[in-house]
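A short worksheet on the structure shown next.
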Amino acid sequence: MNVTHLECALCGTRYQAALIHNLCTACNRPLLVRYDLSRAAQSLTKAALERRKFDLWRYREVLPVEHDENVVSLGEGGTPLIAAARLGERVGMSRLYLKDESQNPTQSFKARHGDGRFDGARTGHPAIGGAFGRKRRRSARGLRRAGRH
């Protein structure tokens, strides 16, 4: 895995990737996964991409997964780009494309987000497997308190 650390999207505070984190403790903003892109580039080449299956996992060097054998997939990714010429004209863009995420098995962009959790859960990597689960439980608890669940 080429993950180097987690970093706050707003203030830039760094966190260890091997520990559980949900939000930045300094400003309560989301954390971004940061990668060693030089290391990833050694195997993430144009030639390698051409040989790989056309799905999300073809980019595994820049996904938070430690072991290829832990990849769980329903066929996410590889969704088409749709030309949106008229919309592009209206907003002043000569070439505008929209990603059609409805082609994912779940018909949602969220399918891409979920795959990394499986490796984290299987390997005990808390920053990847644990953080998402903790956030979801808290959200569900909040909905029950509000009487919406």
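The values are calculated or read from the model by the stated rules, or taken from the named source; none is laboratory data. Just so it is clear, the structure is predicted and the values come from calculations on it, not from any experiment. All Cβ positions, glycine included, derive from the backbone under ideal geometry; neighbour counts span all protein chains shown. We work out accessible area using only protein heavy atoms, side chains counted, and drop any ligands, DNA or RNA first. Shrake-Rupley method; radii C 1.70, N 1.55, O 1.52, S 1.80 Å.
Quick one: is residue 19 modelled with pLDDT under 95, open to solvent by less than 80 Å² (accessible area, probe 1.4 Å) and either assigned to a loop (DSSP other than H, G, I, E, B) or within 25 Å of residue 104 (Cα to Cα) (or both)? So residue 19 does not fit the description; no. Could we say that residue 28 is on the phi < 0 side of the Ramachandran plot and out of contact with any Pro (no Cβ under 8 Å at 6 or more places or on another chain) here? Criteria not met by residue 28.
Taking (1) among the aliphatic types (A, V, I, L, M); (2) within 16 Å of the chain's Cα centre (by Cα); (3) open to solvent by less than 60 Å² (accessible area, probe 1.4 Å) in turn, residue 44 satisfies each apart from (2). Here residue 4 passes the criteria (1) of a type in the set (Ser, Thr, Tyr); (2) under 28 Å from residue 103 (Cβ atoms); (3) touching an Asp or Glu at 6+ places or on another chain (Cβ under 8 Å) except the one numbered (2). Pairs are defined by a Cβ separation below 8 Å, a sequence spacing of at least 6 or placement on different chains, a first member in segment 42-68 that is of a type in the set (Val, Ile, Thr), and a second member that is open to solvent by 100 Å² or more (accessible area, probe 1.4 Å); the pairs so defined are 62/37.
A single entry from 34, 14, 58, 112 fulfils the requirement of being closer than 19 Å to residue 2 by Cα, open to solvent by 80 Å² or more (accessible area, probe 1.4 Å) and at pLDDT below 95: 34. The single condition among (1) in contact with a strand residue (DSSP E or B) (Cβ under 6 Å, 6 or more places away or on another chain); (2) basic (Lys, Arg); (3) in a loop (DSSP other than H, G, I, E, B) that residue 34 does not satisfy is (3). Applying the criterion of being of a type in the set (D, E, K, R) and under 28 Å from residue 15 (Cα atoms) to the residues of segment 61-86, the residue that is modelled with the highest pLDDT is 61. Restricting 19, 10 to those that are under 27 Å from residue 101 (Cβ atoms) and among the hydrophobic types (A, V, I, L, M, F, W, C) reduces the list to 10.
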